[in-house]
1. Can you give me the distance in nm between label points at Ala534 and Arg116, each placed 7 Å from the Cα along the Cα-to-Cβ direction?
2. Cross-link list Lys210/Lys262; Lys183/Lys245; Lys177/Lys334; Lys309/Lys334; Lys334/Lys475; Lys210/Lys423: which exceed 22 angstrom alpha carbon to alpha carbon?
3. So for Arg62, Arg238, Arg449, what's the accessible-area order with a 1.4 Å probe, most first?
4. To the nearest 10 Å², what's Val506's accessible area with a 1.4 Å probe?
Amino acid sequence: MIAQVNKSIVFSPVDIEISYKKQNPFLSSLKVKCFCSSRLSQNAKVSHSGSVQSPIILHSTRISRVARTDAQRVLFDYLHCTRNFDFNDAEHISKNSPHFIENLLTKIDNDKDVVRSLNKFLRYNPINEFEPFFESLGLRPSEVPLVLPPHLMYLGDNDMLLENFHVLCNYGIPRSKIGRMYKEAREIFGYNYGVLKLKLLAYENLGLSKTTVVKLVSCCPSLLIGGVDREFVNVLGRLNRAGLKNDLIGGYLSAKESYDWKRLIDTIDFLDKVGYSEEQFHDLLKTNPVLVFEGSGKKVYLLFGQLVKLGLKVNGIYSLFTQYPQILSAKRVKNLLRGIHILLGIGMGVEDIANIISTQMELLCSTALKGPLTLRRQFKDKKDNLCQILIQNPLELFRLDSKSEAESSKILSSRGPTNKLEKTAFLLRLGYVENSDEMTRALKMFRGRGDQLQERFDCLVQAGLDYNVVSSFIKQAPTVLNQTKDVIEKKIACLTNLGCSIDSLVAFPSYLCYDMERINLRFRMYIWLREKGAAKPKLSLSTILACSDVRFIKYFVDVHPEGPAMWESLRNTPASS
């Protein structure tokens with residue numbers, strides 16, 4: 001029994017140290033190491049400050065929020081004032097290393113003045129600066145010990161690491177993404193001065209925007225090792241041949257994924273060999289990029305293989321993908337495979353199943369079916385009769401076996417390419433998550449068919465805005481796409497005629513939501529006021545348009561003696577004159 005207790009209890013070195021200090025004040029400088037199981041001692045790593053990086057640490061007291069805040073402030077002062085860290089670096093590290101802060105607080109008595117106690121501790125116990133640094137870059141506490149450089153404890157001792165870290169930060173890569181980059185491509189942090197910046201610019205020289213390069217190297221840091229990745233250049237070339245702009249690739253990438261560019265090329269070649277034209281490939285990527293990019297094309301092979309086994313002809317499968325690109329979402333694939341399993345379970349022939357899939361693909365993907373037993377019970381296990389009925393009228397499958405009668409009737413009543421499916425496919429391309437609350441709200445806010453929304457979206461991209469930027473501000477102001485393409489084009493033309501850059505929409509996308517009368521009237525008044533020297537030469541769109549009529553008259557009309565008369569004149573004069 002005693003042996004079992006010894007195995008189950010692990011003492012923290014901090015607990016023992018604190019208890020010794022309380023019981024023996026004269027032994028406050030003595031640090032007593034912990035007694036632990038052999039498994040723990042093998043995994044534990046002792047830092048230069050005496051902290052233990054262990055998967056299990058039992059703290060004697062809970063740490064309050066006030067104590068954490070005080071500890072963050074002390075760590076900031078230590079890094080910035082004592083160790084001469086840059087202000088932004090010190091602030092980010094102190095606010096984004098909670099595990100290190102927690103371990104630091106276990107070194108002192110939290111019941112006393114935390115600021116004073118920690119300052120005293122840090123005065124005599126320098127920390128391993130790499131620990132909070134790597135944690136602040138997004139690495140999990142369990143990953144930090146794996147990347148700590150041996151025999152170093154000061155960040156300044158690794159000047160190339162800091163130099164390349166600052167290059168990435170200054171380029172626009174979020175600090176929280178840099179930890180993953182260090183873990184997957186540590187070589188790039190050893191480059192000499194100026195090398196990493198040149199590698200980033202090399203990808204911009206391929207025709208990619210800075211925003212796209214940031215997303216690209218965050219997902220695939222290995223692209224920065226060696227020269228420009230040939231396989232990636234080949235992918236861009238194939239996208240260009242299909243009529244897609246280079247920056248569109250930024251909208252296809254996910255920060256949670258890793259990409260194998262060679263496999264992507266193989267996937268595109270595979271589609272090419274089986275007869276996909278450049279135009280079809282273009283349409284496929286526009287409607288559902290997940291087919292090619294998620295899993296670097298793995299989904300293509302998996303689904304193709306399963307449908308080929310059923311006896312569907314290759315050309316027929318490509319036709320289905322083109323007609324129903326949404327079938328590759330996780331939920332729809334699950335429904336489709338379950339439907340195939342049910343038809344096999346009732347003894348239907350492979351050719352008949354292939355025929356039902358070809359004609360009822362949308363229903364099979366959209367409907368959750370119960371199972372073959374449900375169908376058998378309704379027909380008293382008469383398989384032949386059941387198969388014959390379903391072959392003659394496949395819709396009976398969805399009436400008899402749907403998990404939800406309401407769901408089934410709703411789907412059956414909306415046969416054909418539905419507005420909701422088209423709209424959902426468009427929103428998925430914008431980055432919304434399928435079946436999420438955000439997607440549900442978006443479906444209600446966006447008005448129009450999926451192809452109409454896509455046309456309006458493309459109008460903004462063709463006007464000169466970055467694809468990813470448009471995706472972002474459409475989420476901020478979804479009503480922008482509730483206008484016709486002609487109206488959007490008129491407002492963009494009005495903006496450029498007023499001498500404003502198209503990029504000004506990035507800061508204020510809601511400009512496109514205001515009616516033309518308000519835009520013309522207010523800008524004509526502002527231009528007149530500017531010519532009179534009574535207004536600043538450059539004001540933001542939001543300053544002119546977003547304020548109320550009362551506020552506009554106060555600051556843009558009444559500021560000049562002739563303002564009210566000019567305002568009335570403009571209101572009574574059409575914009576064209």
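The values are calculated or read from the model by the stated rules, or taken from the named source; none is laboratory data. As the structure is a prediction and not an experimental result, all values here were calculated from the model. Here Cβ is always computed from backbone atoms with ideal geometry, including for glycine, and neighbour counts include all displayed protein chains. With ligands, DNA and RNA removed, areas are computed over all heavy atoms of the protein, side chains included. Shrake-Rupley method; radii C 1.70, N 1.55, O 1.52, S 1.80 Å.
1. So the two model labels end up 6.3 nm from each other.
2. Lys210/Lys262; Lys183/Lys245; Lys177/Lys334; Lys334/Lys475; Lys210/Lys423
3. Output order, biggest surface exposure first: Arg62, Arg449, Arg238.
4. 70
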